[in-house]
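A.B. asks: Here it is, the structure, as structure tokens.
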Amino acid sequence: MPFDPEAVRAFEHGRWQRAATVYEATFASATRPFIDALLDAADVARGVRLLDIACGPGFVASQARERGADATGLDFSPAMLAVAAARDDAIRLDHGDAEMLPYADQAFDAAVSNFGIHHVPRPTLALAEAHRVLRDGGRVAFSFWAEPSENIAWRLLFDAVARHGNPTASDAPRPGGGLNTAVQCEDALRHAGFVDCTTVPVRATWHHTNAAALVAALRAGTARMAAMIEAQDASAMPAIIADIEAAASCYRSGDGIALPIAAVIAAGVKH
């Protein structure tokens, strides 16, 4: 399947429009633990003019504002922006495309994206745009999920689908990101013009009542994983969930399962 950036954009837009109202109750508990490390990587503090790219419900921008930053959030999903506006009316919110930011050159001191850049059809363009709108010496930082071998919650799902379902059943368009490893992310940052590029692993724990709750959260609050889950034959889902439940037994705590999740935060400086 050839790469079609407009097909990717339409797919991602439709998925995030649908997930907006349930994101906080489903998938946000997986992404929010990484916000402080992301803001630290971009040196976000009082007085910093911050752009939160692919801001979704605005959690990062809100947390930056609590640090005293002047935060602006941008997203291409009106539904996500509506959720963000209802949550925090003190942050500026703009509708726009990460590949074509609606801001002047050198308008910000820092730019961040929490698990957003890899959803953009052409992440290299988004990083080049981040470089353009940053002042000289400004910092960029973005988070992306670590490989499944380091990310237990994802690995349990992928392994169960491989054993009982069809990992290739989804008709989601082929992504064009190429930001799957730390090396690829550092290369992309350098290609966009950033220097002093770094990647740092960060780990957290994602709590769920059971395997069915994990699958439900992924199905409701994600894009590509949701498409993969929805593409499975309904008759295979009980076996997939049972497989995850059995494999997660070693992560069971008193009130459910505590699954290790891992991300990498990539950062650079505009020279």
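The values are calculated or read from the model by the stated rules, or taken from the named source; none is laboratory data. Worth saying up front: this structure is predicted, and the values here are computed from it rather than measured. Note that each Cβ is placed from the backbone with ideal geometry, even for glycine, and that neighbours are counted across all protein chains shown.
A.B. asks: Which one of these is modelled with pLDDT of 95 or more, in a helix (DSSP H, G or I) and charged (D, E, K, R): ARG132, ARG139?
C.D. replies: Working: ARG139 fails: in a helix (DSSP H, G or I).
Matching residue, one of ARG132, ARG139: ARG132.
A.B. asks: Hey, among SER235, SER253, which residue is at pLDDT below 95, surrounded by fewer than 16 Cβ atoms within 10 Å (Cβ to Cβ) and among the hydroxyl-bearing types (Ser, Thr, Tyr)?
C.D. replies: The match here is SER253.
A.B. asks: Let me ask you something else. Hey, among the residues in the range 35-57 that are hydrophobic (A, V, I, L, M, F, W, C) and surrounded by fewer than 23 Cβ atoms within 10 Å (Cβ to Cβ), which one's nearest to LYS270 (Cα to Cα)?
C.D. replies: If we filter the range 35-57 for residues that are hydrophobic (A, V, I, L, M, F, W, C), which is where we start, we get 35, 37-39, 41-42, 44-45, 48, 50-51, 53-55.
Now drop any that are not surrounded by fewer than 23 Cβ atoms within 10 Å (Cβ to Cβ), which leaves 35, 37, 45, 48.
Values: ILE35: 21, ALA37: 19, ALA45: 18, VAL48: 15 Å.
The residue in question is VAL48.
A.B. asks: Another question, then. So which pairs qualify, if the first residue must be in the range 36-55 and over 20 Å from VAL195 (Cβ atoms), the second must be crowded, with 24+ Cβ neighbours inside 10 Å and charged (D, E, K, R), the Cβ gap must be under 7 Å, and the two must be at least 6 apart or on different chains?
C.D. replies: From the range 36-55, the pairs are ALA54/ASP75; CYS55/ASP75.
A.B. asks: Please go through the range 80-96 and pick out each residue that is in contact with a helix residue (DSSP H, G or I) (Cβ under 8 Å, 6 or more places away or on another chain), buried (at least 18 other Cβ atoms within 10 Å of the Cβ) and within 25 Å of PRO5 (Cα to Cα).
C.D. replies: Passing the criteria: MET80, LEU93.
A.B. asks: Would the range 190-209 turn up any residue that is buried (at least 21 other Cβ atoms within 10 Å of the Cβ) and in contact with a Phe, Trp or Tyr (Cβ under 8 Å, 6 or more places away or on another chain)?
C.D. replies: So far as the range 190-209 goes, no, none of its residues is buried (at least 21 other Cβ atoms within 10 Å of the Cβ) and in contact with a Phe, Trp or Tyr (Cβ under 8 Å, 6 or more places away or on another chain).
A.B. asks: Condition (residue is outside any loop (DSSP other than H, G, I, E, B), touching a Ser or Thr at 6+ places or on another chain (Cβ under 9 Å) and within 24 Å of ALA30 (Cα to Cα)) applied to the range 159-168: is it met by at least one residue?
C.D. replies: Checking the range 159-168: not a single residue is outside any loop (DSSP other than H, G, I, E, B), touching a Ser or Thr at 6+ places or on another chain (Cβ under 9 Å) and within 24 Å of ALA30 (Cα to Cα).
A.B. asks: I want to confirm something. Restricting to the range 97-144 and keeping residues that are under 21 Å from LEU39 (Cβ atoms) and among the charged types (D, E, K, R), which single residue is surrounded by the fewest Cβ atoms within 10 Å (Cβ to Cβ)?
C.D. replies: ASP136
A.B. asks: If you don't mind, another one. Could you list, in sequence order, the residues of the range 78-136 that are free of Cβ contacts under 8 Å to residues at least 40 places away in the same chain and either within 23 Å of ALA182 (Cα to Cα) or among the hydroxyl-bearing types (Ser, Thr, Tyr) (or both)?
C.D. replies: Passing the criteria: GLU99, LEU125, GLU129, ARG132.
Yes/no per residue for (1) in contact with a Gly (Cβ under 6 Å, 6 or more places away or on another chain); (2) of a type in the set (Gly, Ala, Ser); (3) touching a residue at least 24 places away in the same chain (Cβ under 8 Å); (4) more than 15 Å from PHE115 (Cβ to Cβ):
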| residue | (1), (2), (3), (4) |
| --- | --- |
| THR181 | no, no, yes, yes |
| CYS185 | no, no, yes, no |
| LEU189 | yes, no, yes, yes |
| PHE194 | yes, no, yes, yes |
| THR205 | no, no, yes, yes |
| HIS208 | yes, no, yes, yes |
| ALA212 | no, yes, yes, yes |
| ALA217 | no, yes, yes, no |
| ALA223 | no, yes, yes, no |
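A.B. asks: Take the conditions touching a His at 6+ places or on another chain (Cβ under 8 Å) and either surrounded by 15 or more Cβ atoms within 10 Å (Cβ to Cβ) or not hydrophobic (A, V, I, L, M, F, W, C) (or both) and apply them to ALA223. Does it pass?
C.D. replies: Yes; evaluated as a whole, the condition is true for this residue.
A.B. asks: OK, next. How many residues, within the range 67-102, are more than 14 Å from the chain's Cα centre (by Cα) and closer than 16 Å to ALA192 by Cβ?
C.D. replies: Counting residues in the range 67-102 that are more than 14 Å from the chain's Cα centre (by Cα) and closer than 16 Å to ALA192 by Cβ gives 3.
A.B. asks: Only residues that are crowded, with 19+ Cβ neighbours inside 10 Å and either at pLDDT below 95 or over 30 Å from ALA234 (Cα atoms) (or both): list them for the range 153-171, please.
C.D. replies: ALA153, TRP154
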